[in-house]
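Each remark here refers to the structure printed beneath this line.
The values are calculated or read from the model by the stated rules, or taken from the named source; none is laboratory data. Everything numeric in this text was worked out from a predicted model, so none of it was measured. Cβ placement follows ideal geometry from the backbone for every residue including glycine, while neighbour counts extend to all protein chains displayed.
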C-alpha cells in the first residue's frame, strides 16, 4: 500500500483543551477494514467537520465516536466519558441521526421532551417551556402536536436537532444536519451552531457535504478517503482550499469535477 | 436594595451553583446557575417570585454565573408568562455577553400551540362507519386491479417477477416444513388421545384410526397449516409490502411503468398456491403418524392394524377436500396480506399496524372459510 500523503493546513487556534482524542483508529466490519491509522484531536469549542466522498465512512466514523460501533483497533477517548459506549444514564452527547430518527409513536414535542422527562426532575410545564424554546430554535414551534409521519423530511431533521439539544450536551454530533433543508433554514441552522459553540463552548462534530456551510462554520476538518483508506487532509477548510496539493482535495474544496488524468 | 425580601427558602452561599431569586424594590435579581441541572429549583423560585406583582419589571441577571439553553428557556418562559398575565414588559439588565446571547437565542416569538380537537363518541362511531365503506371500496379496488394484473400477466408473462417466485416458494414452503410437521404431529397425537378416552371404555380402540384420519385430512391438516403459514408468510408479506410502501419503493416501481400487482402480489399468491397443498399433504401424514404414536402407546391396536384401518377408511374425497381448502386458504392469506401491506401508511408504526391487522384478519377469514367449506362438502356429501 502506498503511504498516505496528507494535506495539512496549520490551525489558527491552539488550545490544549482536547475533548475528543482519536489515536490510531481502524474501522471496518469483520475482515474488511474501511479506514485505518487515523489519529486526530477535537478541541473544546471546535466546530469539527468530517468530510469525504460518498461511502468513505464518514457516518461510520461518527458512529464510532459516540460508541454505537466498536473500533477494529486503536482508541477513542472522550472527555468525561472515556471510551465511548452506549450505557444507560443521562446522555453525555447530543446526537442527530441522518434521518432524524424520531419515534413514530410520539408527537414532535414528546420526542424532544423524552430525555428531559427521563433524566431530570423538572415539572411538566417547565419541560414544556424548554421543549417550546428548542423547537422555536429550529423553527418548528407550532408543530408540537404533529406526529413524525405528518411532517416533512426537513422538519424531521430539525426536530431531531431540537431533541439532540434538549439535554444541553457538551458535545453535539450532527450527521448531515443541513441535508434536506431549504437554504434559508440551513443558514439559520449554521448561525445557531456558531452561537452554541461560541457562547456555550459546545463542541460540535458535523458530517456534511455542504461547502458553503463548511466554510462558514468549521474551525477544523478532516477529509476521509476510501482509496487511501484514511485521512487525506486536515486543518481549517479555508486554508485547505488555498494550500491543498492533492487533486481530490483541491477539487472537493473548489467544487470542481475531478480531472481525468488517464 | 437593602430591603430585599428573600424568596428563597434556603440560604445559598455565593460559591454554590444553586440559583437564587431575590425580589427588591427595583425588580428581580437572579443569581447562581441558570442551567438545566438547576432548572427545577430555578423554575420554582421564579414561579414564586413572579406569582404576584404587576407592572413593568426589570430582571437583573448580572449574578448568573453559568447559563445554558435550558436555563435560558425557563427564564424566558416565566418572564413571558408574567408579561401576559400583567400586560407589561420585562427587561433584562446586567447580562454578561454569554447570558445575553443565550437569552436572545431562546427568546423567540412562538407560534400558538395548536390544539387537537378531541373526537366525540358519536363522531367516532360515524367515522368508523364511514371507514368500513372506504375499506370495502379499497378491497374491491384491490381485487379489480389484481384481476387486471392477472390478465396482463397471462397475455404478457414478462410482467411477472418470476425470479422472486422460487425464493418465495422456498421461504413460504420449504422453510415452514419443520414447524408444520411438528405441530401437526402433536395435533394428531392429542386428537387420538381425546378420542381414545371416549372410545376405549366401549372397546372402540380401532375407531381412533378412523377419527384421526378423517379429522386430520378434512379439517386439522389444512387448518393448522394455514394458521402457521398465516403467522409466518402472511405477517411477512404484509410487513414486507408495508415497508416497501412507506419507503416509496412501490411508487418507484409504478414510476418505472412496472405493475406492482404483477411484480409483487402475483408471485406471492402463486407461491402460496404451490406451497400450501404440499405442506398440507405433509401435515396430513404427520397428523396420522401422531395418531399412530398414541395408538402404539395407549391402545390395544397394533401398528399394521392401525395403518390398514386408516387405508381402508381414507377416501380420495377426504384428502381432496382438504387440499381444496388449502388452496382457498392460500388465496385468503396471500391476498389479505398483500392488500393490508399495500394499504400501509404512517412509517414504521404503520407497518406494525398493518401486519397485526393482516394476521388477525387472515385468521378470522381462515376459520370462516373453513366452516363454509365444511358445510358445503356436507351438503353435497363430498
Residue count, segment B:91-146, condition part of a loop (DSSP other than H, G, I, E, B) and under 22 Å from residue A:133 (Cβ atoms), comes to 13
Reported set for segment B:125-156 where residues are over 15 Å from residue B:269 (Cα atoms) and under 22 Å from the mean Cα position of the chain (by Cα) is B:127, B:128, B:131, B:132, B:134, B:135, B:136, B:138, B:139
message = within 19 Å of residue B:69 (Cβ to Cβ), away from every other protein chain (no Cβ under 14 Å) and at pLDDT 85 or above: is that true of residue B:39 in this structure?
response = no
Based on this model, can you work out whether residue B:317 counts as closer than 30 Å to residue A:147 by Cα, touching a helix residue (DSSP H, G or I) at 6+ places or on another chain (Cβ under 9 Å) and assigned by TED's automatic domain parsing to the domain that holds residue B:192? no
Within segment A:132-154, residues touching a residue at least 40 places away in the same chain (Cβ under 8 Å) and assigned to a helix (DSSP H, G or I) come out as A:137, A:148, A:149, A:153
Taking the criterion of being touching a helix residue (DSSP H, G or I) at 6+ places or on another chain (Cβ under 8 Å), modelled with pLDDT of 85 or more, within 9 Å of another protein chain (Cβ to nearest Cβ) and assigned to a helix (DSSP H, G or I), would at least one residue in segment A:157-169 satisfy it? yes
* Residue check for residue A:129: in a helix (DSSP H, G or I) and over 24 Å from residue A:176 (Cβ atoms) -> yes
Note: among A:28, A:67, just one is modelled with pLDDT of 85 or more, assigned to a strand (DSSP E or B) and surrounded by 14 or more Cβ atoms within 10 Å (Cβ to Cβ), namely A:28
Subset of segment A:110-140, residues over 19 Å from residue A:90 (Cα atoms), crowded, with 22+ Cβ neighbours inside 10 Å and at the interface with another protein chain (Cβ under 10 Å from one of its Cβ atoms), comes to A:129, A:132, A:133, A:135, A:137, A:140
Within segment A:231-251, residues touching a helix residue (DSSP H, G or I) at 6+ places or on another chain (Cβ under 7 Å) and under 11 Å from residue A:51 (Cα atoms) come out as A:232, A:233, A:237, A:249
Of those in segment B:59-79 that are within 16 Å of residue B:107 (Cα to Cα) and more than 10 Å from every other protein chain (Cβ to nearest Cβ), the residue surrounded by the most Cβ atoms within 10 Å (Cβ to Cβ) is B:59
Among A:55, A:37, A:74, the single one that is surrounded by fewer than 22 Cβ atoms within 10 Å (Cβ to Cβ), out of contact with any strand residue (DSSP E or B) (no Cβ under 8 Å at 6 or more places or on another chain) and on the phi > 0 side of the Ramachandran plot is A:55
For segment B:368-382 the number of residues that are in contact (Cβ under 8 Å) with a residue 40 or more places away in the chain and under 21 Å from residue B:226 (Cα atoms) is 5
Of the residues in segment A:81-96, those that are more than 14 Å from every other protein chain (Cβ to nearest Cβ) and either surrounded by 16 or more Cβ atoms within 10 Å (Cβ to Cβ) or assigned to a loop (DSSP other than H, G, I, E, B) (or both) number 11
Cβ pairs under 7 Å, 6+ apart or interchain, first in segment B:333-351 and within 14 Å of another protein chain (Cβ to nearest Cβ), second in a loop (DSSP other than H, G, I, E, B), ordered by first then second residue, are B:347/A:104; B:348/A:104; B:349/A:104; B:349/A:105; B:350/B:344; B:351/B:344
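Each row is one residue, and each column tells you yes or no for (1) over 14 Å from residue B:288 (Cα atoms); (2) modelled with pLDDT under 95; (3) assigned to a helix (DSSP H, G or I).
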position: B:178; (1), (2), (3): yes, no, yes
position: B:182; (1), (2), (3): no, no, yes
position: B:185; (1), (2), (3): no, no, yes
position: B:195; (1), (2), (3): no, yes, yes
position: B:198; (1), (2), (3): yes, yes, yes
position: B:201; (1), (2), (3): yes, yes, yes
position: B:205; (1), (2), (3): yes, yes, no
position: B:209; (1), (2), (3): no, yes, yes
position: B:222; (1), (2), (3): no, no, yes
Using the structure shown, decide if residue B:258 is more than 19 Å from residue B:327 (Cα to Cα), modelled with pLDDT under 95 and not in a helix (DSSP H, G or I). yes
(request) Return yes when residue B:120 is more than 14 Å from every other protein chain (Cβ to nearest Cβ) and exposed (fewer than 11 other Cβ atoms within 10 Å of the Cβ) and no when it is not. (result) yes
_Tell me yes or no: at least one residue of segment A:216-235 is modelled with pLDDT of 85 or more, on the phi < 0 side of the Ramachandran plot and in a helix (DSSP H, G or I)._
yes
Within segment A:186-202, residues being crowded, with 17+ Cβ neighbours inside 10 Å and away from every other protein chain (no Cβ under 14 Å) number 1
Does residue A:103 satisfy the condition of being modelled with pLDDT of 85 or more and over 21 Å from residue A:202 (Cβ atoms)? yes
Qualifying residue in segment B:95-114 (condition: more than 11 Å from chain A (Cβ to nearest Cβ) and surrounded by 15 or more Cβ atoms within 10 Å (Cβ to Cβ)) = yes
Log entry, pairs with first residue in segment A:242-262 being assigned by TED's automatic domain parsing to the domain that holds residue A:226 and closer than 13 Å to residue A:225 by Cα, second being in a helix (DSSP H, G or I) and at pLDDT 80 or above, beta carbons closer than 7 Å, six or more apart or on different chains, reads A:249/A:240
